[in-house]
Structure formats: structure tokens, C-alpha cells
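Have a look at the structure below, then the notes.
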Amino acid sequence: MSWKLKEKARALLAQEQGTIVKPSGGKLSLALVFPNYYHVGMANLGFQSVYRIINELPQAVCERAFLPERADILEFQRSATPFFSLETQKSLQDFDLIAFSLSFENDYPHVLTILDLARLPLRASQRKEGYPMVCAGGVAAFLNPEPLAEFMDFFALGEAEELLPETLSLIFKLKSKGVLRRDLLTRLTAVGGIYVPRFYSVTYQENGQIAEVLPRKGIPPIVKRRWVKNVDDYPTQSVIHAPGIEFGGMFLVEIGRGCSFGCRFCAAGWVYRPVRMRSLGAIEKSIQSALRGEKKIGLISAAIGDHPQLKDICYHLRAAGGKLSVSSLRANVITRDILQALKESGHQSITMAPETGSERLRRLIKKNITDEEIFEAVEMVVASGIPNLRLYFLVGLPSEAMEDIEQIVSLTKQIKHVIIKSIKKKNLPGTINLSLSPFVPKPFTPFQWVPFEDLKLLQHKIKHIQNGLKNERQVTITHDLPKWSYIQALLSRGDRRVSKILFQVHKDNGDWNKALQETDVNPDFYVYRFRELTEILPWDFIDQGIKKETLISEYHRALTHG
């Protein structure tokens with residue numbers, strides 16, 4: 001037992017405000033695990049919301065756990081200390097249920113690291129009676145759970161507010177009656193949104209494509225994603241405040257869920273349908289709650305500008321003495337009123353996402369914004385006195401040519417010219433920062449069938465942008481590493497055979513190159529292959545409320561009219 005690790009956990013708790021302390025006797029005990037570091041997980045509003053939802057249930061108690069820092073992993077191993085929760089430093093082995101909150105596919109290897117540190121068998125088939133059940137939820141899970149299917153007892157597919165109370169109440173009831181694990185899991189399949197992988201067998205064709213997915217007798221062949229009808233019923237806002245984390249001095253408030261624009265590359269715009277906006281009254285209540293603690297309030301939504309009363313929200317927040325923050329703004333919904341509120345709140349940077357420098361490609365991905373609208377938005381930003389601009393671009397989009405890449409360089413130079421012309425000075429008031437991300441095709445989007453861009457070509461395109469802007473003063477470029485985007489592409493659209501790769505990566509201590517050489521699963525089959533529109537996809541058993549015909553139609557429209 002390492003007292004050093006326990007003291008570190010207690011030190012984290014000591015700096016928190018809002019930690020939920022609840023007696024555990026006679027309740028269903030649940031360890032909610034974010035498979036990344038504490039400062040990453042605590043900045044995730046969904047993770048905090050699930051923590052609150054579970055602890056509001058009278059029959060359940062929830063504690064948190066996070067991926068330890070590298071030095072702490074070594075200390076767990078050196079001291080033979082079983083991995084424990086944050087709140088009470090209770091071994092994960094002693095919980096009834098371990099639930100992983102999955103937001104990012106590249107965190108999947110961390111799931112195995114945590115199970116191993118907790119001294120639990122990695123594969124669900126090896127965890128017998130007496131072990132905690134292990135499940136997962138979150139947006140990555142309900143896009144495509146299959147790469148983790150071998151390791152999970154079940155998945156919760158959908159929005160937690162709608163799904164968790166019913167699921168956990170049933171588990172509590174069945175466990176209280178002494179129902180065994182397999183029978184309990186069978187009963188859980190009657191709950192909409194619960195997927196139990198062991199009850200589905202998958203067969204494959206000689207070419208590697210899925211031949212058939214067969215549910216066990218009595219098990220539903222389709223699992224329907226659950227979603228909240230009225231988001232006003234669930235005030236999604238910060239629960240715990242802690243210094244030293246991203247957004248640590250900010251109170252986060254969700255103002256809407258979903259996005260009306262339907263960009264063809266964006267999973268959030270498709271799987272969070274229908275678009276649901278919180279009412280002005282509900283948001284004002286959250287703001288009042290926030291202002292009892294923090295002054296700075298971050299508004300959260302897939303598309304902030306979608307909210308029809310955004311101007312009123314900003315006015316109320318500022319009138320109440322709060323400071324406003326937003327993650328990004330769509331160029332054609334930026335207004336002077338919003339910029340003024342951001343400037344008065346101390347904002348030093350505005351983020352926009354043109355996605356590409358080419359109007360042709362913007363039409364193809366359904367990001368219907370013109371260059372002129374971008375320039376007009378930049379002029380408003382300059383006039384507001386906010387000095388810095390951050391621009392998000394995707395590299396490797398379908399049908400992208402080097403001409404399109406060159407237009408990212410050209411658009412950036414034109415934006416710089418617009419700023420200099422507006423301020424009538426030679427130098428920018430701040431910086432223009434480009435953030436480049438390789439495009440990763442996602443399930444349940446019109447681009448779910450297209451291949452990921454070749455790694456060498458991605459590197460060439462990024463280098464071309466860097467070279468094209470290297471002499472532009474006050475223009476900086478950051479980019480995601482293409483190799484990690486390749487891994488994300490593998491895990492985003494893999495089937496359950498990919499679990500072999502994840503298992504090997506864990507055995508090889510995170511060495512992906514070594515693991516990929518040691519398994520008989522070809523990652524390029526999932527990453528670089530153009531899917532046939534008629535083939536069975538690993539995630540086809542999930543009903544997201546989106547007709548496949550709609551995605552196919554959007555796919556054809558993109559390639560013919562884009």
C-alpha cells in the first residue's frame with residue numbers, strides 16, 4: 001500500500017469545491033472512470049454531469065477515478081497498490097460497477113491500463129461472479145463500441161440523463177435479489193440503449209467484411225440510442241470546481257445540445273439530433289447559480305450561434321456581473337453584440353473554424369460559409385478590440401487536392417491583410433494561430449465510408465502550409481500528429497477484431513508500432529479502405545434515429561454537387 005498515492009489523492013480533494021460526499025451503506029457503488037488525466041477529465045462537462053446524475057439517485061453512490069500520471073502508474077506497480085477511487089481511496093475491485101466515460105477514441109488503451117492496475121481481468125469473459133461489472137458510455141461509445149466489445153460487460157448507448165436512472169435502478173434491484181451476472185445482463189438488454197456484446201456473434205466474409213451479426217435468442221437485434229426530450233429538465237452545468245485544470249476558473253453551462261447545420265464530417269451534428277435548446281429562463285437560473293461562486297461563465301453547445309436568444313443570454317450574464325466565454329463562433333453568426341460582451345469579459349482571442357481554405361471544399365462538407373463572410377467576421381473582431389485570432393482547419397478531406405491546401409495559405413494571408421487594412425498599421429495587434437487537424441471519418445456521418453488520407457500525403461500537406469506561411473510574421477501553426485489521427489481512424493471505425501490490437505498495445509506498454517507488427521489484424525483494412533455503401537458496418541446495429549439512406553444521399557450530394 002502506497003501512502004504517497006493516497007496523500008496525493010487527498011491533496012486533490014482538498015482543493016476541490018463541490019465534491020459530493022454520500023454514505024455508501026446499502027447502495028449500489030459505482031466508480032466513474034475518465035481514462036485520461038485528472039485535469040482533462042475534470043474539464044469535461046459530460047463527465048461531471050454523469051457524476052451528479054448518479055449521486056442524485058437514492059440507491060446509488062458514485063466516486064471518481066482517473067488515469068494516473070506516468071510516475072504514479074509506476075508507483076502503483078512498485079508498491080503493489082490496487083488502483084483506487086479519488087473520494088475514499090477505495091479499491092476499484094470493491095465497487096459493484098465500474099463505468100468508463102469515453103469521449104476520445106485514443107483513450108481506449110488507457111481503459112486496459114486502468115483495469116490492469118485495478119487487478120481485474122481485462123476481458124469480460126474472464127470476469128466471473130465476485131468481480132465488479134465493467135461498462136462504458138459517452139459519445140465515443142455510442143458512435144462505435146465494437147473495438148472495446150471484448151472488454152466490456154455492457155455499453156450504455158445514449159444520453160446519460162435519460163438512460164442511467166432506469167439502468168442503475170434495475171441493477172440495484174437485481175443485485176439486491178442476488179441475481180447472477182449473466183442473468184442480470186440478460187435482463188439489462190430489455191432496457192432501451194443497453195448493449196451487451198457477449199450476446200451478439202459476428203461472422204466475417206473471406207474479404208474481411210462483416211457477413212452477419214446474430215443476436216442470441218430473445219436479444220434485440222437493434223439497440224436504440226436514448227436521448228433527452230427536454231433539456232430544461234436537466235441543468236447541465238459545472239459540479240466541481242478545482243484550480244489548475246482547464247476551465248478551472250470558469251463555470252460551464254450547457255445552453256443547447258446538437259447542431260442544426262449538419263456538416264458532413266461532424267459526428268456531433270448527426271448523433272445529437274434533434275437539436276434541443278435550453279430556454280432562456282433555465283439558462284438564467286444556471287447563470288445565477290454560477291455567480292455565487294465563479295464570475296467567468298463558459299457557454300457550451302455544439303453550435304453556440306444556434307441559440308435563438310444568444311444575445312439575451314449574453315446581456316443577462318453581463319448585467320448580472322458575469323464574464324462570458326465561448327469556445328468558438330461560426331463566422332456567419334458572429335455579431336458585434338456578442339463580440340462586445342466577450343471583449344468586456346476580458347477575451348483576448350476569438351476562435352473560428354473555416355475548416356478549409358477552399359469554398360469548393362466547404363460546400364462539399366456542407367460548411368456553407370463564404371470567404372467574404374469570414375472576412376466580414378474578422379473585421380468585426382478587429383473592431384471589437386480583441387487582438388488574437390485562432391483558425392481551425394482540416395487536412396485530408398475527401399477529394400482534397402494540393403490546390404485546396406494552397407488556398408489555406410492564401411486565405412490566411414488574406415485574413416492578415418484584412419486585419420492590417422482595418423487597423424491601418426503594418427503589424428497585427430496580436431497573432432493568427434492556425435490549428436491543423438487531419439480529417440478522421442466518423443460513424444453515422446455521410447463520410448463514414450471514405451478512407452483516411454495517406455500518412456505521407458498528410459505530412460506533405462501540413463509541411464506545405466508551414467512553408468507557405470513561414471515568412472508571415474505573427475502567424476503561428478500548430479497541428480495534430482498524423483500518426484495519432486491514424487490510430488483514431490482505426491479505433492473510430494474498427495470492429496471487435498481491433499480488440500486484439502488494443503490488447504497487444506497494452507502488453508507492449510503503449511508501443512503501437514511494435515503491437516501492430518505483432519498482431520494478425522491489418523489496421524490499414526480499417527483506415528485506408530473505401531467502404532462499400534452496401535456492406536454491413538460494425539455500428540449498424542445501433543439506431544441513432546438517422547436513416548442510412550439519408551447518409552448515403554448526403555454522401556452522393558457531397559461528391560456530385562460539392
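The values are calculated or read from the model by the stated rules, or taken from the named source; none is laboratory data. Computed from a predicted model, the values in this text were never measured in an experiment. Cβ placement follows ideal geometry from the backbone for every residue including glycine, while neighbour counts extend to all protein chains displayed.
Look through the range 90-105, keep the residues that are buried (at least 17 other Cβ atoms within 10 Å of the Cβ) and of a type in the set (S, T, N, Q), and return whichever of them is nearest to Gly137 (Cα to Cα). Applying the filter and picking the extreme gives Ser101. Taking the range 1-109 as the region of interest, the helices (runs of 4 or more DSSP H) fully inside it that hold 3 or more residues being closer than 30 Å to Arg493 by Cβ are 38-41, 45-55. What do you reckon, is Arg119 of a type in the set (D, E, K, R), surrounded by fewer than 23 Cβ atoms within 10 Å (Cβ to Cβ) and at positive phi? Taking the combined requirement at face value, the residue satisfies it. Looking only at residues in the range 446-464 that are more than 23 Å from Thr351 (Cα to Cα) and in contact with a Gly (Cβ under 8 Å, 6 or more places away or on another chain), the one that is surrounded by the fewest Cβ atoms within 10 Å (Cβ to Cβ) is Leu457.
Would you check if Val521 is within 23 Å of Trp449 (Cα to Cα), among the β-branched types (Val, Ile, Thr) and in a loop (DSSP other than H, G, I, E, B)? When the stated conditions are applied, Val521 passes them.
With the structure loaded, tell me whether Ile245 is in contact with a strand residue (DSSP E or B) (Cβ under 8 Å, 6 or more places away or on another chain), aliphatic (A, V, I, L, M) and either in a loop (DSSP other than H, G, I, E, B) or at pLDDT 95 or above (or both) or whether it fails that test.
On the way: in contact with a strand residue (DSSP E or B) (Cβ under 8 Å, 6 or more places away or on another chain): no; aliphatic (A, V, I, L, M): yes; either in a loop (DSSP other than H, G, I, E, B) or at pLDDT 95 or above (or both): yes.
No.
I'm trying to understand the selection: among the residues of the range 110-140, which are among the charged types (D, E, K, R) and in contact with a strand residue (DSSP E or B) (Cβ under 9 Å, 6 or more places away or on another chain)? Break it down stepwise before answering.
So in the range 110-140, the residues among the charged types (D, E, K, R) come out as 116, 119, 123, 127-129.
Arg119, Arg127, listed by residue number.
Taking the stated definitions as given, is Lys442 closer than 26 Å to Phe155 by Cα, part of a loop (DSSP other than H, G, I, E, B) and basic (Lys, Arg)? For Lys442, the condition - closer than 26 Å to Phe155 by Cα, part of a loop (DSSP other than H, G, I, E, B) and basic (Lys, Arg) - is met. Residues in the range 306-326 include at least one that is over 30 Å from Ile542 (Cα atoms), touching a strand residue (DSSP E or B) at 6+ places or on another chain (Cβ under 7 Å) and polar (S, T, N, Q).
Scanning for something hydroxyl-bearing (Ser, Thr, Tyr) and touching a residue at least 40 places away in the same chain (Cβ under 8 Å), does the range 89-100 turn up at least one residue? No.
Of all residues in the range 465-476, none satisfies being under 27 Å from Ala268 (Cβ atoms), surrounded by 15 or more Cβ atoms within 10 Å (Cβ to Cβ), at pLDDT 95 or above and among the small types (Gly, Ala, Ser). Among the residues making up the range 346-361, a single one is modelled with pLDDT under 95 and surrounded by 17 or more Cβ atoms within 10 Å (Cβ to Cβ): His347.
In the set (1) part of a helix (DSSP H, G or I); (2) within 29 Å of the chain's Cα centre (by Cα), the condition left unmet by Leu184 is number (2). Assess whether Lys296 counts as being charged (D, E, K, R) and in contact with a Gly (Cβ under 7 Å, 6 or more places away or on another chain). Yes. Residues of the range 524-551 that are without any contact (Cβ under 8 Å) to a residue 40 or more places away in the chain and not in a loop (DSSP other than H, G, I, E, B): Asp524, Tyr526, Lys548, Glu549, Thr550. Scanning the range 397-417 turns up no residue that is among the β-branched types (Val, Ile, Thr) and more than 27 Å from Ile334 (Cβ to Cβ). Scanning the range 492-523 for residues that are in contact (Cβ under 8 Å) with a residue 12 or more places away in the chain and either of a type in the set (Gly, Ala, Ser) or loosely packed, with under 13 Cβ neighbours inside 10 Å (or both) yields Ser492, Gly494, Ser499, Gly510, Ala515, Asp520.
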